[in-house]
Amino acid sequence: MIELSESLENYLKEIYELEELKGNAKVSDLISIFNISPGTVSKALSRLEKLGFIERTSNRRIKLTDEGKKVAERLIKSHRLSERLLTDILGVDWIRAHEIAHRLEHIWPDDVLEKIDKILGNPATCPHGHPIGNRIKISGKKLTEVSDKKIYKVMMIIREEEWILRGVTEFGLKPGVSVEVLGNEGDYVKVKVGDKIEDIPKIIAEQVLVNE
């Protein structure tokens, strides 16, 4: 297999996750995510295309090849297992674990990753609810899209950016937690989490996937 730099591997991972969340990836998405110039993104994509990891479609979308998917899926599995190792075994909070896992995901050899997986008991998801491999399929609706007067279970935090994770942590919205939706009007979703009633800003609520 061709050895890729961490930077190029990160492009493959982000393209994969964009396809998971939005159905496709665009250059503008990558410019926003990495906060770098269009020229830098274009140069990286040209390199990945030349190496056979991506294809660019006629409607300006970016698509992973089978080889690109293989690299991305291994990175994502490594990232999510690293998060589990940090939170479940070492007691690191899930925000810091996500940042550290960005570095660890590139370093584990396959045999070490298998041992980590086994020690953790082959977890189905990362701490934020994203599936590890194909062990579980996550489905649901955003908290901003559900009906009033019902109880839902938090399934996943969609985007794992620091400000989002801090927001959901403040309101106790972690995967596995039950929430009762009391109202969904204006800029807030009113929910009951445990014994507390919270007004969740929709900018945070739209990042929380729930299911009945």
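The values are calculated or read from the model by the stated rules, or taken from the named source; none is laboratory data. Being a predicted model, the structure only gives us computed values, none of them experimental. SASA here: full protein model, heavy atoms, side chains in, ligands and nucleic acids out. Shrake-Rupley method; radii C 1.70, N 1.55, O 1.52, S 1.80 Å.
Exposure check, 1.4 Å probe, all protein chains in place: ILE95 carries approximately 20 Å² of accessible surface. Between ILE132 and THR125, CYS126, the built amide H atoms are under 5 Å apart, and every one of these is 5 or more places off in sequence or on another chain. Across q = 0.17, 0.19, 0.21 Å⁻¹, the range 72-143 modelled as identical point scatterers on its alpha-carbon atoms has Debye log10 I(q)/I(0) values of -0.57, -0.71, -0.86, in the order of the q list.
For the chain, the solvent-accessible area of protein heavy atoms averages 55 Å² per residue (probe radius 1.4 Å; ligands and nucleic acids excluded). A Cα-only calculation for the range 23-160 places Rg and Dmax at 17.4, 53 Å. When the solvent-accessible area of the range 1-152 is split by element, carbon and sulfur atoms take up 49 percent of it, the probe being 1.4 Å.
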